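Right, one structure below, let's go through it.
The values are calculated or read from the model by the stated rules, or taken from the named source; none is laboratory data. All of these numbers come straight from a predicted model, not from anything done at the bench. Don't worry about glycine lacking a Cβ; one is built from the backbone with ideal geometry, like all the others, and counts go over all protein chains shown. Remember, those area values only see protein heavy atoms, side chains included, never the ligands or the DNA or RNA. Shrake-Rupley method; radii C 1.70, N 1.55, O 1.52, S 1.80 Å.
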Amino acid sequence: MSEFGALSLVPPLLAIGLAIVTRRPMLSLFLGIWSGAVIYTESHGIAQTFDWIVGAIIADDGFHVQILLFTILLGSGVALIWRLGGATAVRNWATDRLETQRTVGLTTWVLGLLMFFDDYANTAIVGSTMREISDQMRISREKLSYIVDSTAAPVATIGLSSWVAFQLSLIADGYEGLGVEEEAPTAFETFVWSIPFNTYALLAIAMVGIVVYTRRDFGEMLDAEHRAWTTGNVNREDAQPLQEVEKDLGEPIDDRPMLRTFFAPVVVLIAVTMAGALWTGYDAWTADQAEEGAPTAIGAAAGEDGWLQVLVDIVGAGDFAGALIWGSFAMVASAIAIGVAYDLFDVGDGVDTVLDGFKLMVTAVTILVLAWAISDVASALETGDYVAGAVGDTIPVEVLPIAILFVAAFIAFTMGSSWATMGIVTPLAIEIAYNLTGSFDIMPVIVGAVFSGAIFGDHTSPISDTSVLSSTFTGADLIDHVRTQLYYASTVMLVVVVCYLLYGYLDVSPVLFLPLGLVLLYALVRGLSELDGARKGLDPITSRTPEERAERGRRDE
């Protein structure tokens, strides 16, 4: 239990509340950090405030520095693609092929599913790729951000990614803390069986597909879509997008817009990132195998542990942060090379555009640093321990997964980090579940509940790094993105609770409750969109009034 008690909740809740009310995330985050420093030091806290901000930059053995460098370089890559006319070429191509809002939305969703190897790369690549096309179809930036954000972390947490290795280590640590490693199943077995119980991630992905395909919206997203269609303003009039390529970079070179100026740098980014991650992962894996006296040949190791386990180990051991830097640098270099080769600009112009790209990301990296710092504040005040400890170990087994789901969600919401939440809650949840049941049978359910809650909290928090990056690369206002996504994330969370209740009290397995969850999710989307549309006088499918529907175009199809 935290020595600061309920006071440990003040800094993150203050930052989140102020951000939502004032729509000024940087000021809100800073005040949240400062309030934490006052509580922590019992004085003015100025020195401690800046210690936390500096510490957030250099934390995790330079991981945060790597993410900042990746973000800045990617901003330069985006600037170069814009300058070369790549965005213009994609817009022209898409106008002839992606003729409806539905096809654009589905394309964005599918791309998000394919970019499973890293959530940061997912938001950057998909957001940057689809922004111009979505603007052409008058899809609001809030809607684009939702699609990107809700397919990034959910996909990464169940695919072959850096997330899986981290999650496996947490499960192993939990079993080790119990002192029952020999009796317990392997961390890999527990993780695999936990995937159906990572119900929020699975249903969040499905929710995006349902919303995009049916084109039914509700809540503030319905308002945003109505605004985008009727006025052409993909952002609110007084919104503060984290990235504004058009305003900051001026007109692109559109004499010869070519698709290769867009897709070649993006392909280079993906290829170099994946190659770098696999290369570093293989090196780290062979070193670990040699240290343990295990086979260092992939074939021999696969014969003992299975190919999937070996592949997960190699991918998980990869230096994804370093690989992202290499990939983004290669993207920048290839874009400059294309510009020079096709005589679109000279090297000097290319370097100037790179520097302009750095400026695009100033707001985003500032918010990222402050979000990491508020997470450090929560760690110093032991916010997660306080919340987890308040739950206790006397909860009925039937509702234990739901209790853990909400604890993880609240901690992620207040810390803005699903990884930090998983790190805090997973070992504690495993210990509580084992003490209550004395069995390992419930562990996949408990682990799935932790991961589900952590991702939900991440999706609803304005201090989440993935929320920041999704807003950045789609060019959306951060608070607008969080406010509109909240309705959809909460709808999924409601269905998750129903699924867990079915499991806890009626022993309904995921084979049954997941399809039932999909049906319920569809029914809720349909019902809520009809109710909200009727209240606002808008058609829930087209986001138009009856008068506006009379002016039908191809975007209505």
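Among Ser379, Ser375, which is closer than 19 Å to Ala15 by Cα and touching a residue at least 60 places away in the same chain (Cβ under 8 Å)?
Values: Ser379 fails: touching a residue at least 60 places away in the same chain (Cβ under 8 Å).
Being closer than 19 Å to Ala15 by Cα and touching a residue at least 60 places away in the same chain (Cβ under 8 Å) holds for just one of Ser379, Ser375, which is Ser375.
State whether one or more residues within segment 27-36 are β-branched (Val, Ile, Thr), more than 12 Å from Val377 (Cα to Cα), at pLDDT 85 or above and touching a helix residue (DSSP H, G or I) at 6+ places or on another chain (Cβ under 8 Å).
Going residue by residue through segment 27-36, those that are β-branched (Val, Ile, Thr) are 33.
Checking the rest, the ones that are also more than 12 Å from Val377 (Cα to Cα) come to none.
Scanning segment 27-36 turns up no residue that is β-branched (Val, Ile, Thr), more than 12 Å from Val377 (Cα to Cα), at pLDDT 85 or above and touching a helix residue (DSSP H, G or I) at 6+ places or on another chain (Cβ under 8 Å).
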Pairing a residue in segment 132-143 that is modelled with pLDDT under 90 with any residue that is part of a helix (DSSP H, G or I) and small (Gly, Ala, Ser), where Cβ atoms lie under 6 Å and the two sit 6 or more apart in sequence or on different chains, gives Glu132/Ala87; Ile133/Ala94
List the residue pairs whose Cβ atoms are under 8 Å apart, where the first residue sits in segment 341-365 and is closer than 23 Å to Tyr120 by Cβ, the second is part of a helix (DSSP H, G or I) and charged (D, E, K, R), and the two are 6 or more positions apart or on different chains.
Thr353/Arg83; Asp356/Asp248; Lys359/Asp248; Leu360/Asp248
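Is it the case that Trp93 is open to solvent by 20 Å² or more (accessible area, probe 1.4 Å), touching a residue at least 60 places away in the same chain (Cβ under 8 Å), over 27 Å from Ile336 (Cα atoms) and in a helix (DSSP H, G or I)?
Details: open to solvent by 20 Å² or more (accessible area, probe 1.4 Å): yes; touching a residue at least 60 places away in the same chain (Cβ under 8 Å): yes; over 27 Å from Ile336 (Cα atoms): no; in a helix (DSSP H, G or I): yes.
Judged against the criteria, Trp93 is not a match.
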Only one of Ala201, Ala206 is at pLDDT 90 or above, surrounded by 20 or more Cβ atoms within 10 Å (Cβ to Cβ) and closer than 27 Å to Ile133 by Cα, namely Ala201
From the list Val234, Val208, which residue is under 21 Å from the mean Cα position of the chain (by Cα) and touching a residue at least 24 places away in the same chain (Cβ under 8 Å)?
Val208
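Condition test on Val377, is it under 23 Å from the mean Cα position of the chain (by Cα) and either β-branched (Val, Ile, Thr) or closer than 22 Å to Glu176 by Cβ (or both)? Steps first, answer last, please.
Values: under 23 Å from the mean Cα position of the chain (by Cα): yes; either β-branched (Val, Ile, Thr) or closer than 22 Å to Glu176 by Cβ (or both): yes.
Against the criterion (under 23 Å from the mean Cα position of the chain (by Cα) and either β-branched (Val, Ile, Thr) or closer than 22 Å to Glu176 by Cβ (or both)), Val377 qualifies.
Any idea which of Leu144, Leu106 is part of a helix (DSSP H, G or I) and closer than 17 Å to Gln243 by Cα?
On the way: Leu106 fails: closer than 17 Å to Gln243 by Cα.
The conditions single out Leu144.
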Could you look through segment 286-312, keep only residues that are closer than 29 Å to Leu73 by Cβ and modelled with pLDDT under 85, and pick out the one that is surrounded by the most Cβ atoms within 10 Å (Cβ to Cβ)?
Val312
Report the residue count in segment 102-114 for those that are buried (at least 24 other Cβ atoms within 10 Å of the Cβ) and either under 17 Å from His459 (Cβ atoms) or at pLDDT below 90 (or both).
2
Looking only at segment 447-480, how many residues end up being within 16 Å of Pro241 (Cα to Cα), more than 12 Å from the chain's Cα centre (by Cα) and either at pLDDT 95 or above or charged (D, E, K, R) (or both)?
2
What pairs can you find where one residue is in segment 29-45 and part of a helix (DSSP H, G or I), the other is surrounded by fewer than 17 Cβ atoms within 10 Å (Cβ to Cβ) and among the aromatic types (Phe, Trp, Tyr), and their Cβ atoms are less than 8 Å apart, with a gap of 6+ or different chains?
none
Say whether the condition of being open to solvent by less than 40 Å² (accessible area, probe 1.4 Å) and either of a type in the set (Val, Ile, Thr) or assigned to a loop (DSSP other than H, G, I, E, B) (or both) is met by at least one residue in segment 190-197.
yes
Can Thr123 be described as closer than 29 Å to Ile479 by Cβ, outside any loop (DSSP other than H, G, I, E, B) and either modelled with pLDDT of 85 or more or touching a helix residue (DSSP H, G or I) at 6+ places or on another chain (Cβ under 8 Å) (or both)?
yes
